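What follows is a set of notes on a single structure, which appears directly below.
No value in this document is a laboratory result; all are computed from the given coordinates. All values reported here derive from a predicted model rather than from experimental measurement. Because the Cβ atoms are built from the backbone with ideal geometry, glycine has one as well, and the counts that use them run over all protein chains shown.
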Amino acid sequence: MLTDLVKEIGNRPFSLIVDESMDVSVVKYLAFMVRYHSPSRKAVVTECTSAFAESLYYLTKEYLQKVGLNIQNLVGLGTDGVASMCTAVHENSSLFTLLKKDVPNLQLVKCVCHTLHLAASHAAVCLPDDLEYLVRETRNWFASSPLWRQNYEDLFKAMNDGEMPRKLVQLSGTRWLAWSRALAVITAQWDELKAHFNQYISTLSAHKCERRRRPNDARGQRGGDTTTECIAAGVDFDELKSQWERLPGVNWKEFFDGYVPSNSCKFWCGVHEYREDDEPVLRSIPNFTLRVLSLPFFQRRSRVERAFSVMNDIETKARNRMRLEILMPIMRIRLRVIWSGCCKEFEPTDEMYALFNCSNVVIFSKSV
């Protein structure tokens with residue numbers, strides 16, 4: 001499978017999505033997912049290439065050379081934003097900064113979910129503490145007294161024709177994005193909560209009720225522009241413009257058998273296969289677009305997390321001394337079956353059959 005994958009990638013641009021995890025035997029692993037344009041499947045796909053003990057940069061280069069992938073075709077690196085992958089305290093000590101020496105146009109793409117989590121956590125620090133206190137203590141108020149809970153239910157039913165109130169959500173101490181649900185529940189029944197607490201406000205300290213804190217300084221921050229050097233490298237924009245203007249003149253509905261795909265990957269893979277008189281006439285613009293789509297901007301990080309879930313299912317406590325040479329092929333087979341939909345459609349190649357011989361039997365020592 002790995003050999004077929006490398007052959008299919010060939011000299012096409014590809015991106016690496018990298019993540020690290022630890023198995024039950026407390027060994028750290030680095031998993032590689034490669035995203036590229038697959039002509040045979042007519043799609044931009046993501047495949048698992050390897051998972052190995054971590055040594056980052058040197059093992060990354062060594063592995064790419066070993067399997068036959070040209071590092072100069074690497075256009076993007078997707079990570080979760082950890083310092084050892086992106087940036088570190090010392091210059092040139094992260095995977096990205098070291099790879100960028102070999103590939104100057106390399107584009108770093110951090111995980112959107114992790115980035116939003118960090119942005120939300122930093123934004124929460126700038127908000128008045130009273131807001132967090134309000135959301136947290138509103139739930140704690142009802143959690144500490146069944147009587148207050150019953151009084152609020154009666155009030156809510158009276159104001160909403162007998163409907164029951166939604167349960168308040170507890171704040172998460174680590175996941176800032178989970179706060180949105182807690183806020184949504186409170187704002188959805190703001191008038192009812194306000195009416196309920198007005199009944200008890202006279203018993204509270206007037207000083208605490210009237211005191212309000214505001215941010216001392218609120219500044220808008222603009223993020224830097226996305227680096228485009230890796231996308232624009234070696235591109236003839238005049239030719240792209242010329243081919244772009246030719247696109248409306250093609251009957252794409254007829255070319256796609258009556259239905260033009262709404263999915264960008266499927267559409268541009270089809271444009272890549274378009275021919276007139278058996279000659280490819282629109283290649284520059286689909287090549288450029290598929291190069292962009294090969295970046296990990298468009299990849300869900302759940303694919304990478306799934307690789308480690310499969311690893312944990314394979315390498316259990318009972319099999320915690322499994323060799324990497326056995327673990328990796330099993331992972332690759334399972335992930336291929338999961339993402340292809342069914343194992344019945346898999347067809348082994350002649351090279352795979354040739355490898356099933358006595359010379360490739362793995363003999364384990366007693367230490368394993």
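Summary of packing: across the peptides 240-252, 145-157, the per-residue average of other C-beta atoms within 10 Å ranks them, highest first, as 145-157, 240-252.
How do the peptides 182-191, 283-292 rank, highest first, by the average count of neighbouring beta carbon atoms within 10 Å per residue? Walk me through the numbers on the way to the answer.
Values: 182-191: 13.7, 283-292: 19.6.
In decreasing order of mean packing, 182-191, 283-292 become 283-292, 182-191.
Spin-label model, Ala143 to Val235: label points 7 Å out along the Cα-to-beta-carbon direction sit 5.1 nm apart.
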